[in-house]
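Below is one structure, written out as structure tokens; comments come after it.
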Number of protein chains: 2
Amino acid sequence: MSETASEVASGTALPPPVIILVAPQLGENIGQSARAMANFGLASLRLVAPRDGWPSASALAAASGARHVVENAEVFPSLEAAIADLHYLVATTARIREMVKPILSPETAVKQIAAKAASGQRCGVLFGRERSGLENDEVALADALIIVPVNPAFASLNLAQAVLLVGYEWRKFVAGASLGRATQFDGPAAEGLYLNKSQPATREELFAFFQHLESELGAAGFFKTDDKRSSMIRNMRNLFGRAALTEQEVRTLRGIIVALAGLRRSRNRVE
Amino acid sequence: MSETASEVASGTALPPPVIILVAPQLGENIGQSARAMANFGLASLRLVAPRDGWPSASALAAASGARHVVENAEVFPSLEAAIADLHYLVATTARIREMVKPILSPETAVKQIAAKAASGQRCGVLFGRERSGLENDEVALADALIIVPVNPAFASLNLAQAVLLVGYEWRKFVAGASLGRATQFDGPAAEGLYLNKSQPATREELFAFFQHLESELGAAGFFKTDDKRSSMIRNMRNLFGRAALTEQEVRTLRGIIVALAGLRRSRNRVE
């Protein structure tokens, strides 16, 4: 890292969020999203299982001057893999889900992301399929939701436009910060305090914790029916996701599972 | 005009600016601009000498749900005719012109427009040709310029995206005004939204949960020493406290404790 302290303070050296497109359908929309990113200085694009395969000639064509964003896009087979190394994830959605998560405007979301990025966290913004958006299980993986304040009577934003608005707010914020304006983070700055002691958990550590918890609950017959199982898992993931767990806390929670479920002891006996 | 004084003051009755596209080339871009307008509650579209004539099947197709905006678009032979009845006009441009005019961000421009509209003035925003933008003589007709804060290394916004950003700022402003706050979802009010379905847990419910968890952990031998016990408990309480649990979630967590502890007992019995 070679940036100066004043660059960090001014926000110009903040890494922009990663943009993650989940199962995008048309290469053209991927290319236009890449353009929108380049317009506002975002560069890191990840694709989860693009429907029409990859690389995509139509994505390159639609990107025009932003070919580098398309050419450097990373492709992942699953959303879990695409977000494994991220610490803070926001999901864009057109409607309020029945989930207990903060709902942010693009402007507020960008402030949160900047605060997290300033403390060294890797951040991402999730965008769903053109037609159907994100599924509930996908949204459940995010720390917060972005809802663009559209006209309720005509709410459909296309994919590249949603990316554009997030990029626009990011650049506004960074430009404002570098001009010495509006650098005060409301709220989330407080969350920076507890990170001194322990790094936030990565998504990978969180997934391992979820799987541990869910498999032990399965063994205990906690999920009465398969029907209930998925919504219960979603609710639990939401709950723990909201706590913005640190690495240390994830270790503590896993210790709790082991202690309560007695696995270590019973394993020792079996061996 | 039948709106009340309080409606005017709150911004809800402010007429949005007219969007004027000067010599647009592709019907598709006109249609997409109409969509962007509808997304943010703008309805009045004027076209100056659209290159491929009017009406346009491709504009209607691209507008999809915003056909009404396209169908109600007014067509003028000259820019002068298109803006004749307007009081205040802002021109979007990608570069700073050698003209003595105020240069505004989209956000500031929208505030100006709202102030003018509140005093009864008719306002418009001018957008140039896809390829070459507005000519100097056209820009000269405007009261001020809008420059979107794009990445200088990749500055080309397409027409509909420029319309989108102006519409977005308009709606943000109007929504903020009607709430008496800067943006619609800013701050803690956002978090109030998601608690509709389930009440936040009371302190009493939280304490009962903590005691339940801690007593089961004690029974499982989780706390190695009394010394560690109090700091571990504090950390766990912090962690769950931060999640701002609902009543329902506290019930779920207690169900988890019961299930896992039951698993340990059954495992111990098996051996």
For segment A:39-127, the Cα convex hull volume per residue in Å³ comes to 134 Å³
For B:LYS224 the rounded accessible area (nearest 10 Å², probe 1.4 Å, non-protein molecules ignored) is 150 Å²
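Report, please, the projected area of segment A:194-250 averaged over directions, based on the convex hull of its C-alpha atoms, in nm².
Directional mean of the projected Cα hull area for segment A:194-250 stands at 3.9 nm².
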Given pairs A:LYS116/B:LYS224; A:LYS111/B:LYS172; A:LYS111/B:LYS111; A:LYS111/B:LYS101; B:LYS116/B:LYS172 and cut-off 25 Å on Cα-Cα distance, the over-length ones are A:LYS116/B:LYS224; A:LYS111/B:LYS101
Scalar couplings 3J(HN,Hα) for segment B:204-212 by Karplus 6.51 cos²θ - 1.76 cosθ + 1.60 (θ = phi - 60°), nearest whole Hz, x for Gly and Pro, are 4, 5, 4, 5, 4, 5, 4, 5, 4
Whole-Å distance linking the alpha carbon centroid of segment A:87-144 with that of segment B:81-130 is 33 Å
Expressed in angstrom and rounded, the centroid-to-centroid distance over alpha carbons for segment B:197-271 and segment B:27-50 is 56 Å
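Averaged over peptide B:62-71, how many Cβ atoms belonging to another chain are found within 10 Å of each residue's Cβ?
Working: counts 0, 0, 3, 4, 2, 0, 1, 1, 0, 0.
Rounded to a whole number, the mean comes out at 1.
The values are calculated or read from the model by the stated rules, or taken from the named source; none is laboratory data. Everything quoted here is computed from the prediction, not taken from an experiment. Ideal geometry is used to build each Cβ from the backbone, glycine not excepted, and the neighbour counts take in all protein chains shown. Side chains included, ligands, DNA and RNA excluded: accessible areas come from the protein's heavy atoms. Shrake-Rupley method; radii C 1.70, N 1.55, O 1.52, S 1.80 Å.
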